[in-house]
Every structure is written in C-alpha cells, then in structure tokens.
1. Would a scan of region B:84-104 turn up a residue that is away from chain A (no Cβ under 14 Å), under 25 Å from B:Asn182 (Cα atoms) and open to solvent by 20 Å² or more (accessible area, probe 1.4 Å)?
2. Taking only region B:147-176 into account, find how many residues are free of Cβ contacts under 8 Å to residues at least 40 places away in the same chain and surrounded by 24 or more Cβ atoms within 10 Å (Cβ to Cβ).
3. Identify, please: which residue in region A:282-310 is open to solvent by 70 Å² or more (accessible area, probe 1.4 Å) and part of a loop (DSSP other than H, G, I, E, B) and is, among those, modelled with the highest pLDDT?
4. If I filter region A:195-211 down to residues being touching a Ser or Thr at 6+ places or on another chain (Cβ under 7 Å) and part of a loop (DSSP other than H, G, I, E, B), which single residue comes out as surrounded by the fewest Cβ atoms within 10 Å (Cβ to Cβ)?
5. Going by the conditions given, is A:Asp123 modelled with pLDDT under 95, more than 10 Å from chain B (Cβ to nearest Cβ) and assigned to a loop (DSSP other than H, G, I, E, B)?
6. Could you list, in sequence order, the residues of region A:225-261 that are open to solvent by 40 Å² or more (accessible area, probe 1.4 Å), touching a residue at least 40 places away in the same chain (Cβ under 8 Å) and under 34 Å from the mean Cα position of the chain (by Cα)?
7. Restricting to region A:80-100, name every residue that is part of a loop (DSSP other than H, G, I, E, B), facing another protein chain (nearest Cβ under 7 Å) and within 20 Å of A:Val186 (Cβ to Cβ).
8. Go through region A:6-27 residue by residue and tally those that are open to solvent by 60 Å² or more (accessible area, probe 1.4 Å) and in a strand (DSSP E or B).
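The values are calculated or read from the model by the stated rules, or taken from the named source; none is laboratory data. A quick note: this is a predicted structure, and the numbers were derived from the prediction, not measured. Positions of Cβ are backbone-derived with ideal geometry, glycine not excepted, and every protein chain shown enters the neighbour counts. Surface accessibility is based on the protein's heavy atoms, side chains included, excluding ligands, DNA and RNA. Shrake-Rupley method; radii C 1.70, N 1.55, O 1.52, S 1.80 Å.
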Amino acid sequence: MNGNAIEVLDLVKRYGNVTALAGVTFSVSRGEIFGLLGPNGAGKTTTIKILTGLTPPTSGRAYVAGFDVVRQPNEVKRRVGWVSSEVILDDDLNAWENLELQARLQGVRNWRERATELLKYFDLLQSAGRPVGGYSTGMRKKLEIATALLHSPEILFLDEPTIGLDVNARAMLWDLIRTVNREFGVTILLTTHYMEEADALCNRVAIINLGKIMALGSPAELKSSVGGEVVELEIERPVDLSALKRLPDVLDVAASDGKIRITVRKADETIPAIVKSLDFSAVKSLRVEKPTLDTVFMKLTGKRIEESHVDYRRFYAMIRRSRR
Amino acid sequence: MSGLGAFWGLYKREVVKIYRRAFALVMTFMQPIIWIIFFGSSLNGMPREYLVQFFGTPNYIGFVLPGQLATSMLSTGTFSAMSIVWDRRFGFLKKILVTPAPREAVFFSKVAGAVTRGLVQVPVMLAAALAFGVALPLDPVGYLEWIAALMLLGIGFSSIYLAVAMRSSDWQHPQLVANVMNLPLMFTSTALFPRTFYPAWMRAIADVNPITFATEIGRGVVLNDPYTPTLLGYLAAFAAASMAIGLLVARRFMTAE
C-alpha cells in the first residue's frame, strides 16, 4: 500500500452472465478530483458500489483510505461519504433530523456543531427546520452533500452529481464540488456521462466503457491524444497551399469541395501564421474545432457518449406502442 | 456501541414518521375501530342471557375489543414490511448500508417502530370501547400485562413479515402477504368468538395461534376473568423465535441490491 486515497487492482464484477466490470485498474491520489466518464451501463456505479462496500467484487482488490474494501468494510465506511445520483433523503424529516440520523449512523459525537457549520456553509440554515420534501432540487442536492460530509470523510463519492439539474444548479454544484475539495481537503471520485463536467472538474479522468477503462489521464492529455485541433477554412476560389503545408505546427492539410481542414497542435497560436501563409482574400469563413472528451470517447469506441446512452423517451414510446 | 446509536437514530426516524404522517396513522386506527363498532354492535341485539352465556358479558363489544386489539397488531407486520420495501425502493437502505451501522440496528429499529405504531392504537381503541358502553375495570397490573402481550405479539409479527419482505423491492408484496395472512389468522383465533364454538380442527389451530394468547390475556382484564399466566410465556417464546428468524434473515439478506 502506498499513500493513495484509492487503489483499484484488476476489479471484476459479474451479475450472473452479465459482466459489469471486466478488470479495472486505477488509483486516485489524495486531494484529487478524479472522474469516471462513460455512458450508462459502463460500470461506473458498480465501481462506486464496490468501493463503498455496498457490494463485493467477483475478483480483484480495492483499497480505500488504505483499507481493504472486502476485509475491512467498516474502516472504509467510516472514512467515505457517498452521494447517490438520485437524492436520497427522508422527505418526512427536516434537515436537522436527516443530519442527526447520519450522525448516529456514523457515530459522530457533537454533531450539532459540525451540522450547523455545514448548513451555514451550504446556505441551508434558514430552511433547516422544514421537512425536506418541500425543498428545491438544488437544495436537496446540497443537503445530501452536507450529510455526506458530516462525519468528515477523507473521500467523497459523487455518483452522477448533476444529473437532472438545470444549468444554474449545475454551475452552482460545480463550484461547490471544487470548494469542498479545496476547503475541506476531501478527495473526490465522481462519475459522469457529461464530458464537459469531467473536463471542468476533474484533475484526471478515466474513460470507461463496457466495464473497461479505455483511457486515463488529465483532460488536456486525453484531448491531445486524439491529435490536435482543426482549423477549417471555407474558400471562394482555389488557393496555393504549399506555404501552409511548410508551417512547423501544421500536422495535416486536407482540401475538398471549397473547404480546407488544417490539423494543428494549438489553433490559437497557429492561426496568425496560417493567415500569413495564404491568400486570405479567398477565405469566406474560419472555424476552429477543438477536441473534447467526446472526441476522445468517439475515437476510442466509435460512438458518442450520448449515443451510447439508452434513449428512455424512445424506449417508453416503444413500450406504449406495443401495448396498444 | 455504535450499533446502539444507530438503532436510536433509526428508531427516532420511524417515530417521527408516525406523527408526521398523521393521515396514515388515522387510517390504521380505522380498521379495528370499524370492527369493534360495526361488527361488535351487530351481535348486541341478541338476547341478553345468550350474550352473557356465550361471551361472558352483556356487551359483545367488550368481548371483541381484546380480539381486535390483538388482530390489529398484525398491522405492525404489514407496516414493518412496507417500510423496508420503501427504504429499498427509494435507496434509503443503501444510504444506511454505506455507513458502519450494523444490519441488526436496522432490523431492530424497524421492529420497534412498527410495535410503537401498533401500540398507539391501544388508547384510541379503549376510548372507542368506553364510548360504546364497555365498562373497563380498573386493573393497572392487568393492563400492563395486556400491553406486554400486545408488544410481544407485535415483535413477533413484525419480525416475521420483515423477514418475508427482506429481499423485496415490490411495494405490492407486503399488501399481498397481509391479504393472505391477516384474515385467516384472525378467524382461526378466539378474536371474534369463544373457542367452544369451533370444530375440533379449528380449535387445534386457535390453541397455537398467538393472536389467541394475546386475546385471552386482554379478555381476562376486560371481563375480569382470570387467565393462565403461562400465556405470556408462550407469547414471549413466539416473539423470541420470530426475532431470531428475522435477525438471521437480516444478517444474510439485507443487502443494498
């Protein structure tokens, strides 16, 4: 064991004939925000369930906060907080009562002080006496995170933290996750199928699909691995491309029906040189394509993350039709 | 140690839910009250000497009250089963199981919560019986024994129903189990009629039916008719055995999925 917050070695999980995890290995350093990015059914939630001791792995090893999740589940459970994708609070209880329950389940003494501090921090103190059934989605999410932080965990697991939230609530939550990581010094492992979320929040990301890790690295590393950015020019008449092709930062030039696609390392820095190297009066428009984590996912799997998602609306429409 | 704290936290949650959901609580009262008022009154037109001869009281409501209170403890079973199914469905069980709280604490909190809910019915039913002319004797020790009997009955039923529902996430299951179990358990006890009315085979069932034990203890109090103290012992054995089964099932099968 080294000082990593999480250490996962060749984790396999099978449910009957279905393989949810097919040998997953990664580690998360202390203080890091680490993301598992992938479509539904990729194995993200299964990984969290194993790491929080909710379900045992079929094979492989996992250590959280230095403890074996199978052999020392209670040591692990005392040191982790878990926020599920759907908010799980007791709607009949108010915020204080939800926090008290968590305190008693975790064996936290003097929980009131810590709870007051958290409620204040999350701006929930005013409404803490009301049953949480009447809270907005954003408030519920905040209270759930406060509940998960009550026992001062070393590691926080966030399963699809912003699923079902509107744009404002999502931005608020991103800020919150960053500050929780910074100010409370908590290591965070989050799962998401939103590329922009992984990109905005995570120090490192593991792209996971069909129970396997396809790629692992910082968002910048992953994006540069797909081979640079593309500057696309729409032209009115043919231009001479020889000077352009000689530019040092240009990796590739492809011209076809009125468009030139120039692959470069960094578009922002290369555009001035591109402008100088050709007859720019022929150019109608310029567009820059920067790779996203979705580009990375697409290159690795041939699909977009959103496409790999089950389209529930279509699925239910299909069921309704078949009932008629 | 942490087990006790966890139990207390979870039990407190169950109790808060009882009074925050007052409507549901009132609905639980309704069924036994309907039984004692409507069913109880339906036999009160019998000639007085028949009533006294067969039921030992001129007011049949006084006879059926202990039977209905005992039967109403079956609702504790349905309630505890319902509560674990809901906790599983809404993910609350997962939230509990990611903490170091032992499964036993969850089990005991559900049993204690259900028994508390069942016992809240006692004063309401007694008041209803008083209002319908049942003369309740002043017998503090008797009432304590009666309440102890109802508690043991509640512990037994809630443990068994909890064990049955331990793996289920279908909210219809507890209701289905209740539909199949509750009426037969009531009819094969002495809750509604004295055992002398029954054919031999039904008497055999009534004699081992825990509802009979609690009914007879209550009837001893209401009708001032001494009962055998061993009845309480039988009920204690029933509660202990059910709890042991429930705990075994909880340890083995209370999982997050």
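1. no
2. Residues meeting the conditions: 0.
3. A:Lys290
4. A:Asn203
5. yes
6. A:Ser225
7. Matches in region A:80-100: A:Ser84, A:Ile88.
8. Of the residues in region A:6-27, 7 are open to solvent by 60 Å² or more (accessible area, probe 1.4 Å) and in a strand (DSSP E or B).
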